[in-house]
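The values are calculated or read from the model by the stated rules, or taken from the named source; none is laboratory data. Remember, it's a predicted structure, so these values are computed and weren't measured experimentally. Don't worry about glycine lacking a Cβ; one is built from the backbone with ideal geometry, like all the others, and counts go over all protein chains shown. What goes into the accessible areas is simple: the full protein's heavy atoms, side chains included, and nothing from ligands, DNA or RNA. Shrake-Rupley method; radii C 1.70, N 1.55, O 1.52, S 1.80 Å.
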Amino acid sequence: MKKITSFTNKVSTTIKVIFNIPDYERYLKHQQDHHPNDTPMTEKEFYMLSLHERYESGKINRCC
């Protein structure tokens, strides 16, 4: 059962990377590994920042 869960998590992460979908769990892991003294954003803050960066940053983020 643990192998299936691990595989499912890896597939989920891969799909999120391919389609540029924010991954809160990955963000938390990064924070823990690289910024242990910083307080991580809440899940809502993380997704709101991701939406802002994607749609309101002024960067071109579409195919045409």
(request) Please label the shape of the chain as rounded, prolate or oblate, based on the square roots a ≥ b ≥ c of the eigenvalues of the alpha-carbon gyration tensor (a/c under 1.5 means rounded; beyond that, a/b larger than b/c means prolate, else oblate). (result) oblate
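Estimate the FRET efficiency between residue 42 and residue 10 by the formula 1/(1 + (r/R0)^6), using the beta-carbon distance for r and 22 Å for R0, to the nearest 0.05.
Using R0 = 22 Å, I get an efficiency of 0.30.
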(message) How much length would be gained if the chain were fully extended between residue 17 and residue 1, taking 0.36 nm per residue of separation minus their Cα-Cα distance, in nm to one decimal?
(response) 3.3 nm
(request) Enter the accessible area per residue of the chain (Å², integer; probe 1.4 Å; all protein chains in place). (result) 94 Å²
(request) Any chance you could run the full-extension gain for residue 28 through residue 56? It's 0.36 nm times the residue separation minus the Cα-Cα distance, nm to one decimal. (result) 7.7 nm
(request) Just name one of 51, 12, 37: the one whose Cα is farthest towards the positive end of the charge dipole of the chain (beta-carbon charges, Lys/Arg +1, Asp/Glu -1). (result) 12
(request) List nothing, just return the count: lysine pairs in the chain, 8 or more apart or interchain, with Cα separation under 24 Å. (result) 12
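Quick one, could you list the DSSP H helices from the chain stretching 20 Å or more along their long axis (Cα atoms) with average Kyte-Doolittle hydropathy of -0.5 or above? Intermediate results must be reported in sequence, preceding the final value.
Working: long enough: 2-18 (24 Å, 0.07).
Helices meeting the span and hydropathy rule in the chain are 2-18.
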